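Worksheet: the structure to be examined is printed underneath.
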Amino acid sequence: MQRYFVQIAYRGTAYHGWQSQPNAPSVQETIERCLSKLFGNTEIPIVGCGRTDAGVHAKSYFFHVDLPQDWDENQLCFKLNRMLPPDISAYHAYKVSADVHARFDANKRTYRYFIHQQKDPFEQDQSWYYPQNLDIAAMNLAAERLLGTKDFGSFSKLHTDVKTNICTVYEARWVQEGTKLYFEVSANRFLRNMVRAIVGTLIEVGLGKLEVTDIDAIIEAKDRGEAAVSVPAHGLFLWKIDYPQSFSK
C-alpha cells in the first residue's frame, strides 16, 4: 500500500459537510465513491484533515489515502478530476510515508469568513450579505482579545464529542476591501461552529451592541449562551492547512 496526501478544494453548497453520514451527501462520500470506481469497486476509505459543516467551503483541504498500487501523482489527480463533480477539484497529490496523517499532523488551520455589504447576485452562495454599518476598528480590537491559548467553549456547538475546548489562536483580524470584508483566523484547532460563533459575536461589537472588553467575559464564562448567534455557513471557507515542511513538498 502507498499512502498519498491529496490537496483538494470544494464548494460546500450541495453537501452536508465533509464527513460521510447516513442519507445525506458529503464531500468524503463523493470522493470515496470515485476512488472505489477507479480501483474496480474496491472500498477505498480516506481520512480528512478535519470536519466542515453543511454549506461550508474549502479553498484548500487535505486528505490521506492508502492505495493498493503505486500511482503517478499527476495521473491520480487527472483521473480524480475526470470523475469528480464540478464543485470538487483535486489539485495536488504527494506520496508520503505510511505514518503521515492528514488530521493529526496539521499544525495550523486558517479560516476566512466573507461578507459583502452591497447586494451582489454573484456572491450569494459564498459570502454573507450584511448591509449594516460596522465599526471595523472596534471589531479588530475585539479580535485581538481572542489571541492565545484559551478555553473557547463559549463559541462551541453544544454536546460535541471533543475532550477539551482549549485552542491556541495565532491570528484573528478583519480585512476590508471596498464594500466587501472578511475575517481571517488561524489556530492549532477549531471547535464545531467556533468560527461562525466568533464572527457573530464580533459583529455585535461592530454594531455597538457589545463592548470590545466584553469578549473577555464571554470567553471566561465558557457558556455558549453568552456569545452571539452564529452567522450563516455559506460565507465560511477553510482557507489553508499548514503541515511541517516535509509534508508539503
Looking at ARG103, is it in a strand (DSSP E or B) and under 25 Å from SER60 (Cβ atoms)? no
Among (1) surrounded by 20 or more Cβ atoms within 10 Å (Cβ to Cβ); (2) farther than 27 Å from GLU123 by Cβ; (3) not aromatic (Phe, Trp, Tyr) - the single one ILE8 does not satisfy: (2)
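Show me the helices (runs of 4 or more DSSP H) entirely contained within the range 131-249 in which 1 or more residues are outside the structural domain of LYS59 (by TED's automatic domain parsing) and closer than 28 Å to ALA9 by Cα. Reasoning before the result, please.
Values: elements: 136-144, 194-206, 214-221.
Filter on the range 131-249 gives 136-144, 194-206.
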Within the range 22-38, does at least one residue satisfy the condition of being within 14 Å of ARG103 (Cα to Cα) and either touching a residue at least 40 places away in the same chain (Cβ under 8 Å) or touching a helix residue (DSSP H, G or I) at 6+ places or on another chain (Cβ under 8 Å) (or both)? no
Check whether at least one residue in the range 71-91 is in a loop (DSSP other than H, G, I, E, B), in contact with an Asp or Glu (Cβ under 8 Å, 6 or more places away or on another chain) and surrounded by fewer than 18 Cβ atoms within 10 Å (Cβ to Cβ), and report yes or no. no
When only residues in the range 86-101 that are within 20 Å of the chain's Cα centre (by Cα) and not small (Gly, Ala, Ser) count, which is nearest to TYR243 (Cα to Cα)? HIS101
If I ask for residues that are closer than 17 Å to PHE5 by Cβ and surrounded by fewer than 17 Cβ atoms within 10 Å (Cβ to Cβ), which ones from the range 42-58 would you list? PRO45, VAL47
Pair list, Cβ < 9 Å and 6+ apart or interchain, from the range 81-93 residues that are over 17 Å from LEU67 (Cα atoms) and without any contact (Cβ under 8 Å) to a residue 12 or more places away in the chain to residues that are surrounded by 17 or more Cβ atoms within 10 Å (Cβ to Cβ) and basic (Lys, Arg): PRO86/ARG11
Looking at the range 214-230, I want the residues that are at pLDDT 95 or above and have a partner that is part of a loop (DSSP other than H, G, I, E, B) and of a type in the set (Gly, Ala, Ser) with Cβ atoms under 7 Å, at least 6 apart or on another chain. Which pairs are those? ILE218/ALA227
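Every residue, every condition in (1) assigned by TED's automatic domain parsing to the domain that holds PHE237; (2) out of contact with any Pro (no Cβ under 8 Å at 6 or more places or on another chain); (3) of a type outside the set (Val, Ile, Thr), yes or no:
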site	(1), (2), (3)
LEU35	no, yes, yes
VAL47	no, yes, no
ALA58	no, yes, yes
ASP87	no, yes, yes
ASP99	no, yes, yes
GLN126	yes, yes, yes
When every residue in the range 106-116 that is hydrophobic (A, V, I, L, M, F, W, C) and part of a strand (DSSP E or B) is compared, the one surrounded by the fewest Cβ atoms within 10 Å (Cβ to Cβ) is PHE114
Is one or more of the residues making up the range 91-106 hydrophobic (A, V, I, L, M, F, W, C) and under 19 Å from LEU236 (Cα atoms)? no
Which condition number in (1) closer than 25 Å to HIS116 by Cα; (2) over 13 Å from the mean Cα position of the chain (by Cα) is the one that ASP214 fails? (1)
ARG189 being among the basic types (Lys, Arg), touching a residue at least 40 places away in the same chain (Cβ under 8 Å) and either touching a Pro at 6+ places or on another chain (Cβ under 9 Å) or surrounded by 20 or more Cβ atoms within 10 Å (Cβ to Cβ) (or both): no
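The values are calculated or read from the model by the stated rules, or taken from the named source; none is laboratory data. Computed from a predicted structure; not experimentally measured. Cβ atoms come from the backbone with ideal geometry, glycine included; neighbour counts cover every protein chain shown.
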